[in-house]
Amino acid sequence: MTTGSNARGSRDADRVRERQGEALTATAEVERRATALREILAAGLRDPVRIPFAALRRQPALRPFEPGPDERAEKPPRWEDYAVPEPSGLRRLLQAKEIEARRNAAHARFARDEAAYKRREEERVFRLRQRRNRHAVEMAVLRRRAEAENARIDELEVGYRVGHPDAVREYVGLVLSHRRLPDGVPAKVDVRYQPESSRLSLVFDLPGPGVIPAVVGYRYVRTRDAIDERARPLNERKQRYADLVAQLVLLRLNDAFATCSGDLVSEVAIAALVPIRDRATGWPARPCLASVVTTRACFSELHLADLSPPEALERLGARLSPRPFDLYPTRPFFDPERVRHHH
C-alpha cells in the first residue's frame, strides 16, 4: 500500500470517528432531555422549592468610592527646577545684564507654570468633589430603594401571616414560579386565595406535546456518510406526554401544600392549560388538559415517590383529557380566567 493510500485511510478513519462522536453526542442530549422530563416529579421532590421571607429582603449593592485618575495630585513646580545658576568671578560681572534677563524669564516661567498648576489642581479637586457627591447620591438612592423594598416585603410577610388574600397570592405565586423545571416547561403560576374556604387556586401553562423528543437517538451510517434519526414511536410520545402532564399537576400540588401551612390552606385547586392557536378561529386559546381539587388530607395519603401519576390523579378525582397529546380539552373545576386576572 502506498503512502498516499495510508494517508487517505487515516483521514477516512478520523472522519468516521468524528461523525460517530457527533451521533453519540446528539443521542446523549436527547436522552438527557427525555430523562429530565420523565423524572420531573422525582427531581422536584428531591429539590423542594423554598423562599423564606428573609431571602426576599434586599441588601443594597453598595460599591466603594473610586476616585479614578483624579485621586492623586500632580507635583507642584519647584523653583529649584527654574532657577538660573549663578556664575562666579569675572563672568558674573561681564554677563550681568544677560544673567538678569535669564533670571527674570525663569521667574516668569515659574509664575506661569505655578498658576497653571493651581488651576489644574482646583479643577481636579472640583472634579473629585463632584464624583464623590455623585457616588454619595447613587448610594443613597440604592439604600432608599432597598429600604422601600424591604418595607414592602415586611408588609407582605405580615399580610401573608394573617391570611390577606393579595399577600398570599403574591407570595405563593412568587415561590411556585421559582420552581426549577427543564427547558421548555413554563414555570409561572397564577394564584388566587379564598380565605373563607382556605382554598388556593392555581393556573399554569403546560408545555405543548412537542416538548417530548420525537427521536430516540441518532446513528451514523457510514455508507452514506449521514447521521440518521431514530424516531420515537408515536404511542410512546403520547404516553410520555400524558405522564408529564400528570407529573406537573402533582408537583404543583405538592409545592403548594408545602409552601402554605395547614391553617392557611386546606384545599388546592388546579387548572393546567396549554397555550395554542386555535386552528378553527386563528385566535390564541388555552384548552385545559387537567384539573383537580383536593384537600391536604387526601393528598397526604399519596406516596409521591412510588406511584403512577395519571392513576394518582384519578384517585384524587381529577378531570384529565382523554387525549392530551391531541390537545383534547377537559372541563376545569373552576374558571381559570378568574385566577389569571385576579390581581
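The table below lists the values:
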| read-out | value |
| --- | --- |
| Which listed residue, of 325, 334, 299, is open to solvent by less than 60 Å² (accessible area, probe 1.4 Å) and assigned to a loop (DSSP other than H, G, I, E, B) | 334 |
| Any chance residue 216 is surrounded by 15 or more Cβ atoms within 10 Å (Cβ to Cβ), of a type in the set (Val, Ile, Thr) and closer than 30 Å to residue 52 by Cα | no |
| Neighbours by Cβ (under 9 Å, 6+ apart or cross-chain): first from the range 29-58, without any contact (Cβ under 8 Å) to a residue 40 or more places away in the chain; second open to solvent by 70 Å² or more (accessible area, probe 1.4 Å) and assigned to a loop (DSSP other than H, G, I, E, B) | 43/180 |
| Residue check, residue 97 in a loop (DSSP other than H, G, I, E, B) and loosely packed, with under 11 Cβ neighbours inside 10 Å | no |
| The range 263-278: number of residues that are out of contact with any strand residue (DSSP E or B) (no Cβ under 8 Å at 6 or more places or on another chain) and of a type in the set (Asp, Glu) | 1 |
| For residue 55: the one exception among (1) surrounded by 11 or more Cβ atoms within 10 Å (Cβ to Cβ); (2) of a type in the set (A, V, I, L, M, F, W, C); (3) under 30 Å from residue 196 (Cα atoms) | (1) |
| Any hit, the range 119-141, residues being open to solvent by 40 Å² or more (accessible area, probe 1.4 Å), under 29 Å from the mean Cα position of the chain (by Cα) and of a type outside the set (A, V, I, L, M) | yes |
| Residues of the range 65-90 satisfying the condition of being at pLDDT below 85, more than 21 Å from residue 122 (Cβ to Cβ) and part of a loop (DSSP other than H, G, I, E, B) | 82, 83, 84, 85, 86, 87, 88, 89 |
| Residue 293 vs. criteria in contact with a strand residue (DSSP E or B) (Cβ under 9 Å, 6 or more places away or on another chain), outside any strand (DSSP E or B) and surrounded by 11 or more Cβ atoms within 10 Å (Cβ to Cβ) | no |
| Some residue of the range 148-161 being surrounded by 11 or more Cβ atoms within 10 Å (Cβ to Cβ) and touching a Pro at 6+ places or on another chain (Cβ under 8 Å) | no |
| Residue check for residue 193: under 20 Å from residue 32 (Cβ atoms), open to solvent by 10 Å² or more (accessible area, probe 1.4 Å) and among the aromatic types (Phe, Trp, Tyr) | no |
| Filter result (of a type in the set (A, V, I, L, M, F, W, C) and surrounded by 10 or more Cβ atoms within 10 Å (Cβ to Cβ)) within the range 277-290 | 285, 288, 289, 290 |
| Every pair of residues 6+ apart whose Cβ atoms lie under 6 Å, when the first sits in the range 180-195 and is under 20 Å from residue 338 (Cα atoms) while the second is open to solvent by 30 Å² or more (accessible area, probe 1.4 Å) and in a loop (DSSP other than H, G, I, E, B) | 187/177; 187/181; 188/177; 189/177; 192/342 |
| Identity of the residue in the range 219-278, of a type in the set (Asp, Glu) and outside any helix (DSSP H, G or I), that ends up nearest to residue 159 (Cα to Cα) | 263 |
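The values are calculated or read from the model by the stated rules, or taken from the named source; none is laboratory data. Since the structure is predicted, the reported quantities are computational estimates derived from the model, not experimental observations. Virtual Cβ from ideal backbone geometry, glycine too; neighbours counted across all protein chains shown. Protein only, heavy atoms only, side chains kept; ligands, DNA and RNA dropped before computing areas. Shrake-Rupley method; radii C 1.70, N 1.55, O 1.52, S 1.80 Å.
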